[in-house]
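Each remark here refers to the structure printed beneath this line.
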Amino acid sequence: MPREAPSGLRDGTPEGPLTRALDGLRAYRMISAMWIRSTMAYRASFAMTTFGNFAATVLDFVAILLMFSQVDALGGYGLAEVAFLYGAASTAFGLADLAIGSMDRLGRRVRDGTLDTLLVRPAPVLAQVAADRFALRRLGRVTQGLLILGYALFAVDIAWTPLKVLMIPLMVVSGAAIFAAVFVAGAAFQFVAQDASEVQNAFTYGGNTLLQYPPTVFGKDMVRGATFLVPIAFVNWLPGLYVLGRPYPLALPTWAAFTPPLVAVACCALAGLAWRAGLRSYRSTGS
């Protein structure tokens, strides 16, 4: 039965966490670069698929525009404010989806046994799965999110301060890390469920859709779940409402808006533990 080669030794010398992380980043860079070269060999196809990805995601915001053609506010928020939340969530999710969106294919690899080939390669399995079929076309989603975020920052009425300016890149980067942790945790669950890509998508793509709207349109139980259970609220709701000068529905203290980096680190650590546990539980297909 194939198992992952021990990652704690290199020529008989124990490896530390930093060395393993650097090995993983190196493997990820090499595999993703291979797929990028393959993609750019057909530039016209790349341009069309990237535009198609961009256009498909634009339709999400078109639905919001249609809502505002009938109402002046959604949950007490104007169009520019909703666009701000939408743009921040979409950009953060787009970055995570671009980097490790291939994680949802893990269940297929577990079922057909092709994960075994990754276990015997001298590279971290997580890096191999994350970089597998790296899809540069997903830049279309990132571009769409950035354009809407840029429009919102121009249109919304914000009393800017240095902290609020700093909050914009902070929420995007932290949000991308939180979504990446959800991707990894969902993939770890597939070691057990084996056919749970839709469950994973409910928390990744579904979470992105949830965050595109203000929390005031949802019940408090939903908001609590997105804050304390699967903390995707720290992607844009908490920091975003601080920037907009809006109170958070759960009456959390103001300083909670500055915790997304800490939440992102905690989520990534927990996702890493879940991944290691899932990988250790893998028993191959038996074929």
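The values are calculated or read from the model by the stated rules, or taken from the named source; none is laboratory data. Note that the structure is predicted; figures quoted are calculated from it, not measured. Don't worry about glycine lacking a Cβ; one is built from the backbone with ideal geometry, like all the others, and counts go over all protein chains shown.
Among the conditions (1) crowded, with 16+ Cβ neighbours inside 10 Å; (2) among the hydrophobic types (A, V, I, L, M, F, W, C); (3) assigned to a loop (DSSP other than H, G, I, E, B), Ile148 misses just one, which is (3).
Residues are listed down the side, and each one gets a yes or a no for (1) within 30 Å of Lys220 (Cα to Cα); (2) over 15 Å from the mean Cα position of the chain (by Cα); (3) surrounded by fewer than 22 Cβ atoms within 10 Å (Cβ to Cβ):
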site: Arg43; (1), (2), (3): no, yes, yes
site: Thr49; (1), (2), (3): no, yes, yes
site: Phe61; (1), (2), (3): yes, yes, yes
site: Gly76; (1), (2), (3): yes, yes, yes
site: Gly87; (1), (2), (3): yes, no, no
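Take the conditions (1) closer than 25 Å to Leu210 by Cα; (2) not in a helix (DSSP H, G or I); Arg121 misses just one of them, which is (1).
Of Ala159, Ala177, Ala181, which residue is at pLDDT below 95 and over 14 Å from Tyr86 (Cα atoms)?
Details: Ala177 fails: at pLDDT below 95; Ala181 fails: at pLDDT below 95.
Unique residue meeting the criteria: Ala159.
Taking Ala257, is it more than 16 Å from the chain's Cα centre (by Cα) and crowded, with 20+ Cβ neighbours inside 10 Å? So Ala257 passes the test. Taken over region 26-38, the criterion of being of a type outside the set (A, V, I, L, M) and within 22 Å of the chain's Cα centre (by Cα) is satisfied by Arg26, Tyr28, Arg29, Ser32, Trp35. Looking at Val182, Val192, Val173, Val156, just one residue is surrounded by fewer than 22 Cβ atoms within 10 Å (Cβ to Cβ) and within 13 Å of the chain's Cα centre (by Cα), and that residue is Val173. Go through region 239-264 and report how many residues are aliphatic (A, V, I, L, M) and either closer than 19 Å to Thr204 by Cβ or outside any helix (DSSP H, G or I) (or both). Matching residues across region 239-264 total 5. Among the residues of region 30-85, those that are in a helix (DSSP H, G or I), in contact (Cβ under 8 Å) with a residue 40 or more places away in the chain and of a type outside the set (A, V, I, L, M, F, W, C) comprise Ser32, Thr39, Thr49, Thr50, Gly52, Asn53, Thr57, Asp60, Glu81.
Name the pairs whose Cβ atoms lie under 9 Å apart, with the first residue in region 120-137 and on the phi > 0 side of the Ramachandran plot, the second not basic (Lys, Arg), and 6 or more positions between them or separate chains? What qualifies is Arg133/Trp35; Arg133/Ser102. Candidates Arg43, Arg26: the one that is under 13 Å from Ala123 (Cα atoms) and charged (D, E, K, R) is Arg26.
Looking at Phe234, Phe203 in this structure, which one is in contact with a Gly (Cβ under 9 Å, 6 or more places away or on another chain), within 21 Å of Asp60 (Cα to Cα) and assigned to a helix (DSSP H, G or I)?
Among Phe234, Phe203, only Phe203 is in contact with a Gly (Cβ under 9 Å, 6 or more places away or on another chain), within 21 Å of Asp60 (Cα to Cα) and assigned to a helix (DSSP H, G or I).
Any residue in region 227-245 that is surrounded by fewer than 24 Cβ atoms within 10 Å (Cβ to Cβ) sitting within a Cβ distance under 8 Å of a residue that is of a type in the set (Lys, Arg)? List the pairs, counting only those 6 or more apart or interchain. Close Cβ pairs satisfying both conditions: Tyr242/Lys164. Among the residues examined, Thr39 qualifies as farther than 30 Å from Pro249 by Cβ, surrounded by fewer than 19 Cβ atoms within 10 Å (Cβ to Cβ) and modelled with pLDDT of 85 or more.
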